[in-house]
């Protein structure tokens, strides 16, 4: 497959995204910055238990004297990476980590998986987190290589073949067990691909799946798993042909997208065009908005998770999945015995004193009940007030930590959001 692209007019459906070009450093800063970079590289190579800390320091040094720019690091051992990103989540304990893809080198790292930061500064819908790609993760995020087939890659994962409909190549598969101390599990993700600009609705339907198996779950995938990486409010899996700009590109034919998702044109609302790097400087010329994957589970039970992404039909152009930092968590929902509450906007968050909560239009003018819950589900503060468009909350008397803010009206809980007391 040719990797040449067809010029397409830029979409302006993603409002407010800006790409900030690096500013030149003053000559007086070049030598000190170079010296610090060498020191940071030395630290990263020797302090194996502080990889993530080293990555953050390295990113800070690189951006000294520069405007913020995206950073990527695929030199972190996989066990350390998973522990930092997933085991720090609320109400979850991760174990038995495995990765299948390009064989790891003697440092137990893998070029297909790593951390990134400063995504907002480069137009991405996620600022920082974990990324897994069908090519070299660092190259794809720093736009140094479009991608291509990789040697010794994993092919034809049966679950991805089932949701893509085509042969699978250059697969990257991360698996682990998670003990969920709550009764629901959630995380936020973004799917991105270099296929979009010339091959939407073609046979190159690169796809991503998050497959969960365990108590109370019975599905069509391996180990009776179900896929929870879906287009919002649907059962449609995530792929190039199921969520895109709503029209074929290049050699694509509309029938292929129609077969993948009958609502593919309407679901273009979840897609951000990046043709010719109109939004971001990453290699990917299209990506989804930030989407929440969610599933109800049995409390205090262990489940198996499989994150899988593959190229379809060939390996010429790469795709990736981005998992938002601090979004992987267990949630308490069944105790409310109601429709799932929505996440309300709370700001500033984190906060030291006054916070503001935006109330949905349909509840304005009603008597509002507001409760603040600690992580054990205990109410530490309760108040009643008349709901306006924005309500104010004094958090200064709360101890530092993570809380849930619950809002209800007429006996129905309609909002549940996290608040970090700093």
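Where a number appears in this text, it was derived from the coordinates with a stated rule and is not lab data. From a predicted model like this one, the values you see are computed outputs, not experimental measurements. Here Cβ is always computed from backbone atoms with ideal geometry, including for glycine, and neighbour counts include all displayed protein chains.
Percent of Cα pairs in the range 154-228 per distance bin of 10 Å, from zero to the largest separation: 16, 44, 29, 10, 1. All C-alpha pair distances within the range 67-331, sorted into 5 Å bins from zero, spread as 1, 7, 14, 19, 21, 18, 12, 6, 2, 0 percent across the bins. Put in order of Cβ neighbour count within 10 Å, fewest first, the listed residues 400, 331, 418, 345 become 400, 345, 418, 331.
Kirkwood Rh and Cα-based Rg: tell me the resulting Rg over Rh for the range 335-421, rounded to two decimals. So for the range 335-421, dividing Rg by the Kirkwood Rh gives 0.93. Between residue 258 and residue 420, the FRET efficiency from the beta-carbon distance, with R0 = 60 Å, is close to 0.85. Can you pull the one-decimal nm distance between simple spin-label points at residue 345 and residue 175, each 7 Å off the Cα toward Cβ? Roughly 4.2 nm, to one decimal. Taken along its principal axes, the alpha carbon cloud of the range 274-422 reaches lengths of 59, 41, 31 Å, longest axis first. Ordered by the number of other Cβ atoms lying within 10 Å of each residue's own Cβ, fewest first, 201, 310 fall into the sequence 201, 310. Net length available on complete extension from residue 234 to residue 247 is 2.7 nm, with 0.36 nm assigned per residue and the Cα-Cα distance removed.
In this structure, residue 120 and residue 295 have a Cβ-Cβ separation that, at R0 = 22 Å, corresponds to a calculated FRET efficiency of about 0.20. Computed over the range 163-278, the Cα gyration tensor eigenvalues convert (square root of 5λ each) into semi-axes of 28, 15, 14 Å, ordered from largest to smallest. Take each peptide in 216-225, 181-190, count the other Cβ atoms within 10 Å of every residue, and average; sorted highest first, the result is 181-190, 216-225.
For the range 168-212, backbone nitrogen atoms closer than 13 Å to the point 7 Å from residue 162 Cα along Cα-to-C-beta are found at 209-212. What FRET efficiency, computed as 1/(1 + (r/R0)^6) with R0 = 25 Å and r the Cβ-Cβ distance, is obtained for residue 87 and residue 224, rounded to the nearest 0.05? That gives a FRET efficiency of 0.45.
All Cα-Cα distances of the range 254-353, cut into 5 Å bins from zero to the largest, leave 2, 7, 10, 16, 18, 16, 13, 9, 5, 1, 0 percent in each bin in turn.
Of the peptides 153-164, 290-301, how do they stack up when ordered by the mean number of other Cβ atoms within 10 Å, highest first? If you can, show how the numbers build up before the last one.
Working: 153-164: 19.8, 290-301: 16.2.
Highest to lowest by the protection proxy: 153-164, 290-301.
The three principal axes of the Cα atoms in the range 194-236 give end-to-end lengths of 42, 22, 14 Å, sorted in falling order.
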